[in-house]
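Each remark here refers to the structure printed beneath this line.
None of the figures in this text is laboratory data; all of them are computed from the coordinates on show. These numbers come from a predicted model, not from an experiment. When we count neighbours, we look across all protein chains shown, and the Cβ atoms used for this are built from the backbone with ideal geometry, even at glycine.
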Amino acid sequence: MTSNNTNTSNNQSLTHELLSRAHSPDSTNRIFADKIQHRPLFLKPTSPPPSSNARDARRRARAEKRQRAKALKPKPLSARQRRNLGLYDIPRDGQKYAVFEPLNQLWLGYAREILGNELYSGGQGAAAKLSAADFHGAEVEVSRSGCPSRVGIRGIIIKDARFVFEIITRKNQVKTVPKEGTIFRINVPSAQNQDQGDATVQDRKPFTFELHGDQFQYRSADRANKKFKPHYLKNL
């Protein structure tokens, strides 16, 4: 006991001596009392659980982690909930043809970009690209239909669903046209500015193609990853 007390007193005197070289006596006593003599020691359990309960402890930790992640991540809305909330419905004040004209200009640029040189030549390459394209914003016209009253409907596609096209006409009317039994015609001008002075640009005819709705009953997101194969269609 005597030797331990002697070592402690020696350490304290050495600490006082080192502090006194940089601080005044009052500051030395204060720093020594706050930082060394009465310094709190915070203890934290770091030892692992007993080996017999280690597996159960890991299972509980994983379960708690999953519960926390599930609580932080909200559950996605179902299709019925989205329909009831009207997330895909266009409000009345937004059902105007002029609102979607800029979207049509964007789609024309998008169509020219994906077609490239095939905008002038057409062929199977153009058909393959257009079959996987997105048609939101395209201006279409119903050229043939099993229902004669639908023939002649023309407007911009505002919703490309699996079985129908929702089209807004120049009279600010939203028409829901089923794809089944309907053929849609789309024109893509060869130049963005038709008023250019180049005669060759003005003489070029727009690239015109038709969509057979019976073979196009897919969502736009599904068509992007689907490979269409040419085959015989008896109704053509």
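What the table shows:
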item: Mean Cβ neighbour count within 10 Å, used as a protection proxy, ranking 114-127, 162-175, 66-79, 134-147 highest first; result: 134-147, 162-175, 114-127, 66-79
item: Note, ³J(HN,Hα) from phi for segment 145-151, Karplus 6.51, -1.76, 1.60, rounded to Hz, x at Gly and Pro; result: 7, x, 10, x, 5, 8, 5
item: Length gained when the stretch ALA224-TYR97 is fully extended (0.36 nm per residue, less Cα-Cα span); result: 43.0 nm
item: Karplus-derived HN-Hα couplings along segment 19-30 (A = 6.51, B = -1.76, C = 1.60, θ = phi - 60°), whole Hz, x at Gly and Pro; result: 5, 5, 6, 10, 10, 6, x, 5, 5, 5, 5, 5
item: Amide proton proximity set for LYS159, modelled H, under 5 Å, gap of 5+; result: GLU166
item: Cα-based convex hull, segment 90-223, per residue volume (Å³, whole number); result: 114 Å³
item: Residues whose placed amide H lies under 5 Å from that of LYS175, excluding near-sequence neighbours; result: ILE167, ILE168, THR169
item: Charged-residue dipole, Cβ positions (Lys, Arg, Asp, Glu), segment 90-223 about Cα centre, Debye nearest 20; result: 460 debye
item: Packing-based ranking, highest mean first, of 151-158, 33-40 given that Cβ atoms within 10 Å are counted; result: 151-158, 33-40
